[in-house]
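The values are calculated or read from the model by the stated rules, or taken from the named source; none is laboratory data. Quick caveat: nothing in here was measured; it's all calculated off a predicted structure. For neighbour counting, all protein chains shown are included, and Cβ atoms are generated from backbone atoms with ideal geometry for every residue, glycine included. SASA here: full protein model, heavy atoms, side chains in, ligands and nucleic acids out. Shrake-Rupley method; radii C 1.70, N 1.55, O 1.52, S 1.80 Å.
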Amino acid sequence: ETKTVGWTSQSELGSGNFGKVYRAKNKEKGYMCALKKILMTDKHNTSSVETLRREVNILQDMLHPSIIRLYETLETSTHLYISQEMCTGGELFDSIIQSQNEGVIFDECDAAAVMRMALEGLEHCHDRDVVHRDLKPENFLLSIPLDKKRKHGDPFPQVKMIDFGLAEKHRYGEHFQLRAGTPYY
């Protein structure tokens, strides 16, 4: 366990371009979260920092079961901390592949449930004039792991849309000019 400003970090969950993500507990409020710890140094150019701030600003306006929840942020002279909802089920993409490899049920009903949750989250974004611009199975997490003993008709875990790094606010009548997203998709 390590102390991190207002959180106690328990284990590293992963790392990305900007920093590391930890399983953490808020010291004051007691909730568990996924805590992104981003070192704000010279290696991050101004546009990278602005991208992070834009993502945080967009997520602050999102409150929907199909969208990752932003709890709070804290910026110090050296780091940006982003406290988000903890999702233990991993990426949707990995769960689909794993289900095929391990014989776990993922049928048409599950696909329909995933699409319903994803589209409801997308509608929430669009209602707030937000365009995600990078929708793909890797940008959805499962709130809990997919049960290996699932039976036909068992509910599919809640999916959560993540990674609003390319998201933009849209103004009526405006047209986006640049391509964005992941080319394969």
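I'm trying to understand the selection: among the residues of region 101-135, which are on the phi > 0 side of the Ramachandran plot and under 20 Å from the mean Cα position of the chain (by Cα)? Matches in region 101-135: Asp129, Arg133. Number of residues in region 44-92 that are under 20 Å from Val159 (Cα atoms), part of a strand (DSSP E or B) and of a type in the set (Ser, Thr, Tyr) equals 2.
For region 116-136, the criterion of a residue being open to solvent by 50 Å² or more (accessible area, probe 1.4 Å) and farther than 30 Å from Val49 by Cα is satisfied by at least one position. For Phe164, are the conditions met, namely being at pLDDT 90 or above, touching a Leu at 6+ places or on another chain (Cβ under 9 Å) and not in a strand (DSSP E or B)? When the stated conditions are applied, Phe164 passes them.
If only residues of region 1-27 that are part of a loop (DSSP other than H, G, I, E, B) and not aromatic (Phe, Trp, Tyr) are counted, the one that is modelled with the highest pLDDT is Lys27. Within region 98-110, residues that are more than 11 Å from His152 (Cβ to Cβ) and part of a loop (DSSP other than H, G, I, E, B) have Cβ atoms under 9 Å from residues that are charged (D, E, K, R) and open to solvent by 80 Å² or more (accessible area, probe 1.4 Å) in these pairs: Gly103/Lys148; Val104/Asp147; Val104/Lys148; Val104/Lys149, counting only partners at least 6 apart in sequence or on another chain. Summed over region 28-61, residues that are at pLDDT 90 or above and either touching a helix residue (DSSP H, G or I) at 6+ places or on another chain (Cβ under 7 Å) or open to solvent by 90 Å² or more (accessible area, probe 1.4 Å) (or both) total 4. In the set Thr78, Thr73, only one residue is modelled with pLDDT under 95 and buried (at least 16 other Cβ atoms within 10 Å of the Cβ); that residue is Thr73.
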